[in-house]
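The values are calculated or read from the model by the stated rules, or taken from the named source; none is laboratory data. Keep in mind it's a predicted model, so treat the numbers as computed, not measured. Cβ atoms come from the backbone with ideal geometry, glycine included; neighbour counts cover every protein chain shown.
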């Protein structure tokens, strides 16, 4: 036990074990919820513990070999005389330097953990890879929610799973083996009840909601068409009224399980509904149920409809321009502005920088050629339309990651992707002949 490696191994084992047990106790009592602290204590500390265990027998073996060759016994400890003034100075110096080192290492560790917990770390360290997600996150409704709150959440188990997945992602970034675009949905994402429902409570979202949809034609006047929807949000709890409407799917009384046959979960041939009245299985026409054996059976939750809650990208250039006109970011009185903006945004460009130049030159050239009076009298409005079109491209199209309009389906509704109609197509039939209904008034009234 006198060999330096054995002594070092014993010290590492003791230190890592104590630190691991302390942090584990904090985790059990809920006093530690920072996901990234686990990188140090739940991944590195066990590794350090095992490394120390390996050093102990290695030191014993090396010491036995040295003894066999006739080497003298090692002195376990140096000779220190506390009464010797010189030794006193050394002891004091070592003690002060140890305290300073502990403070420096602690501050560095704290800042490191704090940085790894930041949005900047998640979105900007791997800038090109995460650019679509980071840009859409900044423009989305959850821009003030930290990435780790949704992608990891509190507790060690999901943290460990996420960080093990992160090791694979680091390798993919280092050797550029990652997919372009990044696949969606994330199949090992934590269930919504552990993340989304820490802030949102589906059972308490009930009643009706009014949504106004404004669309514009590609004519000179950019003619407006307005659709008003009364959405039956409903409720997921009998305490707020009858369980019905859109949030019927989230009720504790109903359990909806399904099997998807594609990675994007857009093709759903089999659905099982469990209610207090019994269990029914609905199957799409032409489905070979035997071929579904062994596939993942997923319990439906919020993310099956709200699948792009923080990374929303416009499904098409037309939708993006319509929204910009409706919000007043593009002047609707500019002739043909909708048609021209959509046309240039739908073009393919090699880079965002090239897109910005082409959008500017093409829109300005169109008005200078076809409507010189507009340029002469309303140049700021035209320049504003150019700047907005450039922003729409910058926020929705990322050539380096091969992300463009419609790359990621949004399952809310059914106008830009299958969405609700993945199941509510009127063709998924149960053994008694009943179908998953496609009635429009299940979810909304149109005015």
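Does residue 340 satisfy being surrounded by fewer than 16 Cβ atoms within 10 Å (Cβ to Cβ), at negative phi and part of a helix (DSSP H, G or I)? Before the answer, list the steps.
Working: surrounded by fewer than 16 Cβ atoms within 10 Å (Cβ to Cβ): no; at negative phi: yes; part of a helix (DSSP H, G or I): yes.
Criteria not met by residue 340.
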Residue satisfying condition, being modelled with pLDDT of 80 or more, under 30 Å from residue 25 (Cα atoms) and outside the structural domain of residue 336 (by TED's automatic domain parsing), within set 208, 176, 197: 197
Single condition residue 379 does not satisfy, out of (1) touching a residue at least 24 places away in the same chain (Cβ under 8 Å); (2) in a helix (DSSP H, G or I); (3) surrounded by fewer than 16 Cβ atoms within 10 Å (Cβ to Cβ): (1)
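I need the full set of residues from the range 416-429 which are more than 19 Å from residue 261 (Cβ to Cβ) and either out of contact with any helix residue (DSSP H, G or I) (no Cβ under 9 Å at 6 or more places or on another chain) or modelled with pLDDT of 90 or more (or both), in order please. Show your work before the answer.
In the first step, residues of the range 416-429 are kept if they are more than 19 Å from residue 261 (Cβ to Cβ); the result is 416, 426.
Across the range 416-429, the qualifying residue is only 426.
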Unmet requirement for residue 126, which otherwise passes all of (1) surrounded by 15 or more Cβ atoms within 10 Å (Cβ to Cβ); (2) in contact with a helix residue (DSSP H, G or I) (Cβ under 9 Å, 6 or more places away or on another chain); (3) at pLDDT 85 or above: (3)
Test: residue in the range 395-406 that is part of a loop (DSSP other than H, G, I, E, B), within 30 Å of residue 278 (Cβ to Cβ) and not assigned by TED's automatic domain parsing to the domain that holds residue 280: no
